[in-house]
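Here is the structure we will look at.
The values are calculated or read from the model by the stated rules, or taken from the named source; none is laboratory data. Quick caveat: nothing in here was measured; it's all calculated off a predicted structure. As a convention, Cβ positions derive from the backbone with ideal geometry for all residues, glycine included, and neighbour counts pool all protein chains shown. Accessible surface is based on the protein model in full, side chains and every heavy atom, while ligands, DNA and RNA are left aside. Shrake-Rupley method; radii C 1.70, N 1.55, O 1.52, S 1.80 Å.
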Amino acid sequence: MLFLDQMEGALLSKVMEAMRSVAQETVEGKIPGWKRTHPNDEKGQSMYLESMIVLIGLIDKQTG
């Protein structure tokens, strides 16, 4: 688990940046994510990508 609310400024910033980067690269297809482990699950892949987009939005909202 990541306890983001207990992290200090610099570390929190780096963790959020890493999470956003992975989420963005997943949406762009650079990281296969769900598709690699469940290649025939189109609905699951769609839900996975939607959750990555939501995560990116939440990170952007939090980090300004």
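Given Cβ point charges of +1 (Lys, Arg) and -1 (Asp, Glu) and nothing else, what value in debye, to the nearest 20, does the dipole of the chain about its Cα centre take? List each step's numbers first, then the result.
Details: 7 positive and 9 negative charges, 28 e Å.
Approximately 140 debye in magnitude.
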On average, how much accessible surface per residue is there in the chain, in Å², for a 1.4 Å probe, leaving out ligands, DNA and RNA? 80
If I take all pairs of Cα atoms in the chain, what percentage of them are more than 19 Å from each other? 37
Out of W34, T63, M16 - ranked by how far each Cα lies towards the positive end of the dipole of the chain, with unit charges on the beta-carbon of charged residues - the top one is W34
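Restricting to DSSP H runs of at least four residues, report the calculated mean residue ellipticity at 222 nm for the chain, -39500 (n - 2.57) per run over all residues, nearest 500 deg cm²/dmol. Present the calculation step by step, with values, prior to reporting the outcome.
On the way: 3 runs with 45 residues, N = 64.
One gets -23000 deg cm²/dmol as the mean residue ellipticity at 222 nm.
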